[in-house]
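The values are calculated or read from the model by the stated rules, or taken from the named source; none is laboratory data. Values in this document were obtained by computation on a predicted structure and should not be read as measured data. Methodologically, a virtual Cβ is constructed for each residue, glycine included, from the backbone with ideal geometry; neighbour enumeration extends over all protein chains shown.
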Amino acid sequence: MSNNATFHIFNNHSYVDLYPIQFGKEACESLHSFGPSIKQHYLFHYIISGKGTFFQTEKQKEYHLNAGQGFLIPPNTICSYEADKDDPWTYIWIELDGLKAEHYFKKAHLMDTEYIFTQPLPPTENDVYKEMEYIFQHYQLYSANIIAHVYLFMDALISLATNEVNVPEYTANDLYITEALQYIEQHYAENICIEDIAAHCHLNRSYFSRLFKENMNMTPQQFLIHYRLIRSCDLLKHTNDSIASIAEAVGYSNQFNFSAAFKKFFNQSPHSWKKDYVKSQQHMKKPFDSQ
């Protein structure tokens, strides 16, 4: 018997504090396994029924888990997992990231050496499951709605945690990164460079670049390009502006440089991307889109 798996991708990357990347549900066959592997983002599984084993490869530990429990795979951590032979699990999962993701997972006591979530309520009668199921079932709603329920999922995770950890809401580094992100959001359409962003934060460029990469898992330049391209998608979706006009609106003085960056990131030209988007709207009444 093959696995019964369904997943959806969240296609709005303009949120920075906390955002989903993809989410899904899977009814596994006997002894179905995944890994060992390393993830770039946070991946949380919640077990709806059945059981299986979660392996922490680096720590050489294994955990036998049942319905109502969950496990977190943080970035850059080698883990694997396997469904039980006789009672294979069905789980729902969400992959997410953002500036505050680690903070919230620490508050839920999931960023220690265990990565295991346990709560006292029936598997489908607690808010962690309900919020994950809502996100899974309502993937076609506007992205603001999905983001709101991702925060409610995190709140439920923290509320049901066996031992919530008292983590400071903001560190000095968080404030620097937040200030940098706000500056990019306000000035991305202008001819800004990394020196401008670092100067706005009153930081040395080298120190700022290192701090940014440690917190965002990408360089400031990569983030700026990423942000501009995501904004260009909004314009491609909602206007009939020319490619040259859109390029200028998101901070590119040269249309060809914009098109080259867009194609490198999305593996297709802006014109082709827009055609695919328009075509997709013919099959969806409510696009999974930004408000």
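Test residue 35 against the criterion of being closer than 20 Å to residue 133 by Cα, in contact with a Ser or Thr (Cβ under 8 Å, 6 or more places away or on another chain) and of a type in the set (Gly, Ala, Ser), and give yes or no. No; evaluated as a whole, the condition is false for this residue. Within segment 92-138, if we keep just the residues that are among the β-branched types (Val, Ile, Thr) and touching a residue at least 60 places away in the same chain (Cβ under 8 Å), the residue that is surrounded by the fewest Cβ atoms within 10 Å (Cβ to Cβ) turns out to be 124. Counting just the residues of segment 34-55 that are surrounded by fewer than 19 Cβ atoms within 10 Å (Cβ to Cβ), part of a strand (DSSP E or B) and not hydrophobic (A, V, I, L, M, F, W, C), which one comes out nearest to the chain's Cα centre (by Cα)? Checked segment 34-55; the qualifying residue nearest to the chain's Cα centre (by Cα) is 37.
Residues that are in a strand (DSSP E or B), within 20 Å of the chain's Cα centre (by Cα) and not charged (D, E, K, R) within segment 9-33 comprise 9, 19, 20, 21, 22, 23, 24, listed in sequence order.
The requirement of being assigned by TED's automatic domain parsing to the domain that holds residue 180, modelled with pLDDT under 90 and either over 18 Å from the mean Cα position of the chain (by Cα) or farther than 22 Å from residue 18 by Cα (or both) is not satisfied by residue 226. The criterion of being over 22 Å from the mean Cα position of the chain (by Cα), surrounded by fewer than 13 Cβ atoms within 10 Å (Cβ to Cβ), modelled with pLDDT of 90 or more and more than 23 Å from residue 101 (Cβ to Cβ) does not hold for residue 259.
If the requirement is being over 25 Å from residue 158 (Cα atoms) and touching a residue at least 24 places away in the same chain (Cβ under 8 Å), which of these qualifies: 41, 32? Selected residue: 32, the only one of 41, 32 that is over 25 Å from residue 158 (Cα atoms) and touching a residue at least 24 places away in the same chain (Cβ under 8 Å). A Cβ distance below 6 Å, combined with a sequence gap of six or more or placement on separate chains, defines the contacts here; from segment 196-207, residues that are assigned by TED's automatic domain parsing to the domain that holds residue 181 and among the basic types (Lys, Arg) reach residues that are part of a helix (DSSP H, G or I) and surrounded by fewer than 15 Cβ atoms within 10 Å (Cβ to Cβ) in the pairs 205/195. Residues in segment 226-249 that are closer than 18 Å to residue 179 by Cα and crowded, with 19+ Cβ neighbours inside 10 Å: 227, 228. For segment 235-252, the count of residues that are assigned to a helix (DSSP H, G or I), modelled with pLDDT under 90 and within 21 Å of the chain's Cα centre (by Cα) is zero.
Looking only at segment 112-140, residues that are within 21 Å of residue 19 (Cβ to Cβ) and not in a loop (DSSP other than H, G, I, E, B) come to 12 in all.
Where helices (runs of 4 or more DSSP H) fall wholly inside segment 141-222, the ranges with 2 or more residues that are at pLDDT 90 or above and among the basic types (Lys, Arg) are 205-216.
Given the residues 39, 85, 106, 100, which is the only one that is under 20 Å from residue 214 (Cα atoms) and touching a Leu at 6+ places or on another chain (Cβ under 6 Å)? Among 39, 85, 106, 100, only 100 is under 20 Å from residue 214 (Cα atoms) and touching a Leu at 6+ places or on another chain (Cβ under 6 Å).
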